[in-house]
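The values are calculated or read from the model by the stated rules, or taken from the named source; none is laboratory data. Note that the coordinates shown come from a computational prediction; the quantities given were computed from them, not determined experimentally. Here Cβ is always computed from backbone atoms with ideal geometry, including for glycine, and neighbour counts include all displayed protein chains.
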């Protein structure tokens, strides 16, 4: 499959990257990050989530950010995560036009994540789909589509069954299979996406990779080879891993941008601008940064001689 | 290509990983590292190099290490790097039975690395091949087979031309294509190996990946899919990058072992033992460590709840 079809990288740093940071990142700093990411070529940015402010205080200014994007960044698609029909309703009332629903394939993860059984979350999604205002774009995130921190490897059949149920509810939704724990391997990613794409050829698929075990870029490349053209990533690899404190989390936006640039796949991203935002993002108080490209590019001009090496 | 054929991981940490470390790592510590790596299932270990002790003082105890392996670790294949016919002769005299020759495809890198033109290095290799004692195993490393720190992307045709010249000199040699700078991308790796394997179907190929730009595991996976079954790696990702000071270097042995284990490919490696060596290796004074799996596994047992995430 020697293709060079373009890829859309969806920036999830302001949401998935920042949500786990203890110290509150001032709204002005988030605005600055979103504006600079947009200027670097990111056209869709998950700017936050509509969730309990007591459970996730870092996300409490999502409505303000959403308003700012509407006023100041007309070319940007701000995406917001919603875990329930009620929160989706709040988001729509606040002006959101791009929602990201989250449901876990694995029962224990869905209960831990959104306090519902997968069946309850699925039923809420169906109800939401039926009442969605025209012009709303829906991203359907299937968390733990490969592996669950509580239950281990997730059967491909369980993912396909959930797709069979949820895709017909809103056939235009973009479906993202999420490697929540970072424990998917490239063959697993390729296999599941090949089966999903073959089963639902009219569906737009996306992939959400974590780099916790060093397989972020490998898995994204496998998804690309399987036909996926939308990839989530977090600037500076921000995010850590809630299930592995101290380990890194989301695959870094700049690492994906660099990989695709090297292989001649267009992303529309300005690498210099992106790396500049990534450096500042990595330095945020409380941040756990990942990614390799920042350090490599910073050092690449400082060539030095060396003794025999390969 | 859904195969699960076994892979041999060749540990190059004691050579590629340690050579750039300033403070001398005591021979006893190197012995301990090699013994523990062997106990973790690494069957071939590049223990050092025969090079100028003034240029690369860290490698000055390679003869001692080699002697120790011969005496104490009969099941281990100790591999040593040699940059010239004279050094190869020294290595053979010291008891080496597995040599790793290095020649760069790119002219400026070969001159910088071994002070010769590629043509001169090729002629020396041919001469060495003709005089090699029976029973000697030769690894032929083609450095800068994808990208050169001085000249940029390397043409696939130049690599194939070098193979056309050097493989016939010693058809039993194992040929390793090395991504010296870490700037290869998975499509490049797959393309070059597919062409090389198709051109020289009787040759055993290996891949030497660097993780400088975060593509180490992605590139190794691409090589595997292209049919390569021998992969170099460095414990704890030791090595840094001589061309990008401060950046990480070799792909980490534990990251490869983990990736292959997840996809059901046998490596013969005991993960717990390997990670224990890797933790100590990463803590060596002066070391630049890479890899993700150490931190992820250390944290994986400390599950904690979290608010909605994907």
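Tell me yes or no: at least one residue of the stretch B:61-74 is assigned to a loop (DSSP other than H, G, I, E, B), in contact with a strand residue (DSSP E or B) (Cβ under 9 Å, 6 or more places away or on another chain) and within 17 Å of residue B:17 (Cα to Cα). Checking the stretch B:61-74: at least one residue is assigned to a loop (DSSP other than H, G, I, E, B), in contact with a strand residue (DSSP E or B) (Cβ under 9 Å, 6 or more places away or on another chain) and within 17 Å of residue B:17 (Cα to Cα). Of the helices (runs of 4 or more DSSP H) lying entirely inside the stretch B:163-264, those carrying at least 1 residues that are surrounded by fewer than 20 Cβ atoms within 10 Å (Cβ to Cβ) and without any contact (Cβ under 8 Å) to a residue 24 or more places away in the chain are B:186-199, B:253-262.
Quick check on the stretch B:265-275. Is at least one of its residues assigned to a loop (DSSP other than H, G, I, E, B), within 11 Å of another protein chain (Cβ to nearest Cβ) and over 29 Å from residue B:22 (Cβ atoms)? Yes, the stretch B:265-275 has at least one match. Counting only residues that are at the interface with another protein chain (Cβ under 10 Å from one of its Cβ atoms) and surrounded by fewer than 24 Cβ atoms within 10 Å (Cβ to Cβ), how many does the stretch A:86-104 have? So the count comes out to 1. Residues in the stretch A:18-50 that are surrounded by 18 or more Cβ atoms within 10 Å (Cβ to Cβ), out of contact with any strand residue (DSSP E or B) (no Cβ under 8 Å at 6 or more places or on another chain) and more than 14 Å from every other protein chain (Cβ to nearest Cβ): A:25, A:31, A:33, A:36, A:40. Of everything in the stretch A:225-254, what is more than 15 Å from the chain's Cα centre (by Cα) and modelled with pLDDT of 95 or more? Give them in sequence order. A:225, A:226, A:227 - these are the residues of the stretch A:225-254 that are more than 15 Å from the chain's Cα centre (by Cα) and modelled with pLDDT of 95 or more.
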